[in-house]
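Novice: Sharing a structure, written as structure tokens. Questions coming.
Where a number appears in this text, it was derived from the coordinates with a stated rule and is not lab data. If you're wondering where the values come from, they're calculated on a predicted model, not measured in any experiment. Don't worry about glycine lacking a Cβ; one is built from the backbone with ideal geometry, like all the others, and counts go over all protein chains shown.
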Amino acid sequence: MGERYMETAQTESPRVASLITSREKVAPLITVSVVGQQFMNTTDLDALSVVDCDEPVGLVTRQKFMLTLFRRYGFELYGKKRIIAIADTAPLIIHEEERLDVAMDKALERQDKDIYDEIIVVDDADRYKGYLSVKQMIMQQSTILANSVMQKEIARERARELERMSQVKSQFIANVTHELRSPVNAIIGLAEVMKISTEKGQTDRMKERLSLLTTSAINLRAIITNILDLSKIEAGKMEVFNDGFDLVPLLHEVAETARILAGGKPVDVNVTGTIGSLVILSDMVKVRQIMINLLSNAAKFTERGSITVDLTQGNGEVTISVSDTGIGIRREDGEKIFEAFGQVENAHIKQHEGTGLGLTITRNLVAMLGGRIAMSSSFGEGTTFTVTLPISPISH
Ligand SMILES: Nc1ncnc2c1ncn2[C@@H]1O[C@H](COP(=O)(O)OP(=O)(O)OP(=O)(O)O)[C@@H](O)[C@H]1O
Ligand SMILES: [Mg+2]
């Protein structure tokens, strides 16, 4: 059993014959100057085997040949001699069916000065088949090694990435389920209470409960819309519909929404910068969604002070910034907030509602419109999100 296994292993490893570099040869009686000519004419020829009627009898490597000839009086001394006189007459000769690694070991066992000499390859009848370049083999081996190391590293990196993605997905589902549960529970609870009250004929607080129920349903719809939007974006199914529209009234409209969202908090909402009108060619629904996302965040994370929407234009672009005097974002959380469910771990923020999808969607929408988004913040003092959009999509 053991022996059979060994044989299978042997057939799988590459053979010397498969890597023959060259079959170039000369007859032993050719003169040194003719060989010199041959080396001169074929600059990529590293060696020549000396072969006498199919039988290899020596090896001339370019390097050693040149060293001999360029020696003082080299040409005068050797030029007219037969090549066999200066050839290495005991080169390493290996059978074509020998394993490559065995050939390599034998080559490297030689003396230092011969270590890179070519290996002559013969067949079963000891007939000349060609030679192998040791240098080339070493280079190939090191490339193979480097590639396999690299490939392993890439595979490991991919596995880590997949692992991370699957963790993100599980986290995503866990978060979605959690986020959906609260409004759904509220709706069921309120409906139950109202049913019982109606049965008992108690109609007081009915209006209040109904409005709570509506709020929960709206909240639920917002979460579902976000999830659907994100999956549409990820599937590349979100389309852009460009049309001319005025940004100024749109910003006033979303500012009004922010005032409502800020509720009873002492927060002023202002629109500054370009007044009057500023028409751009873009996707209005998406621009509105971007602004709503930024302003709802500003309203959510600001307890007092102000929220300012500023509009400027220049260089074929419009810049809309949303600044608030809210809790701010730590420098180390700057990237995280743009990731799906990237709600910053913070006991205070945990109290806020949301899925952590708003900014992920926003960043994707901005990119779809050919724009950019940036954030700057001073923790504890406030945050500014800046969106830059092309005035018309062609100008970008
Ligand atoms: N203006 C801001 N001030 C302070 N922190 C902010 C501000 N905007 C965003 N953040 C932080 O970034 C996180 C991610 O924001 P994002 O809008 O993506 O999610 P969310 O508002 O928590 O949920 P959703 O928008 O899906 O309802 C927030 O949870 C918050 O921690
Ligand atoms: Mg948000």
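Novice: Specify the inter-centroid distance of segment 264-310 and segment 231-253, based on alpha-carbon positions, in whole Å.
Specialist: 15
Novice: When we measure straight from the Cα of residue 81, which lysines land under 30 angstrom away, once same-chain ones fewer than 8 places off are left out?
Specialist: 25, 64, 113, 129, 135
Novice: With a Cα-only, solvent-free Debye model of the chain, what are the log10 I(q)/I(0) values at q = 0.06, 0.08 Å⁻¹?
Specialist: Ignoring solvent entirely, the Cα scatterers give -0.55, -0.65.
Novice: Here's another thing I want to ask about it. What does the extension gain come out to for residue 239 and residue 336, with contour length at 0.36 nm per residue minus their alpha carbon separation? Write out the running numbers ahead of the final one.
Specialist: Details: separation 97, 0.36 × 97 = 34.92 nm, distance 2.63 nm.
In short, 32.3 nm is gained.
Novice: What distance in nm separates the two pseudo spin-label positions at residue 70 and residue 105, each 7 Å out from Cα along the beta-carbon direction?
Specialist: For the pair residue 70/residue 105, the computed spacing is 3.7 nm.
Novice: Next up: Can you give me the angle between helix 2-12 and the longest principal axis of the chain, using Cα atoms only, in degrees from 0 to 90, rounded to the nearest 10?
Specialist: Once rounded, the angle reads 80 degrees.
Novice: Quick one: Cα centre-to-centre distance for segment 8-72 and segment 131-154, in angstrom?
Specialist: Segment 8-72 and segment 131-154 have Cα centres separated by 24 Å.
Novice: Then there's this: Could you list the chymotrypsin sites (Phe, Trp or Tyr not before Pro) in segment 199-302 that lie in coil according to DSSP, counting only those with at most 15 other Cβ atoms within 10 Å of their Cβ?
Specialist: Numbers: sites: 241, 245, 301; in loops: 241, 301.
Filter output for segment 199-302: 241.
Novice: To the nearest 10 degrees, how steeply does helix 206-234 sit against the main Cα axis of the chain, on a 0 to 90 scale?
Specialist: That works out to roughly 20 degrees.
Novice: Run down the lysines and flag those whose C-alpha is under 19 Å from the C-alpha of residue 169, throwing out any fewer than 8 positions away in its chain.
Specialist: Qualifying lysines at Cα under 19 Å: 232, 336.
Novice: In degrees from 0 to 90, rounded to the nearest 10, what is the angle of the helix 134-199 Cα long axis to the longest principal axis of the chain?
Specialist: 20
Novice: Starting from the Cα-Cα distance between residue 147 and residue 93, subtract it from 0.36 nm times their residue separation and give me the gain in nm to one decimal.
Specialist: Working: separation 54, 0.36 × 54 = 19.44 nm, distance 3.01 nm.
Length gained between residue 147 and residue 93: 16.4 nm.
Novice: May I pose another question? For segment 35-100, run through the GluC sites (Glu not before Pro) and keep only the ones in DSSP coil with at most 13 other Cβ atoms within 10 Å of their Cβ. Please report the intermediate quantities before stating the final value.
Specialist: Numbers: sites: 76, 96, 97, 98; in loops: 96, 97, 98.
Here the sparse-neighbourhood loop sites are 97.
Novice: Could you check what % of the DSSP bridge pairs in the chain are antiparallel, to the nearest 5?
Specialist: Details: 41 of 53 bridges.
Percentage antiparallel, nearest 5: 75.
Novice: Separate question: Which of the chymotrypsin sites (Phe, Trp or Tyr not before Pro) found in segment 71-148 are loop residues per DSSP with 13 or fewer other Cβ atoms within 10 Å of their Cβ?
Specialist: Those satisfying the criteria are 73.
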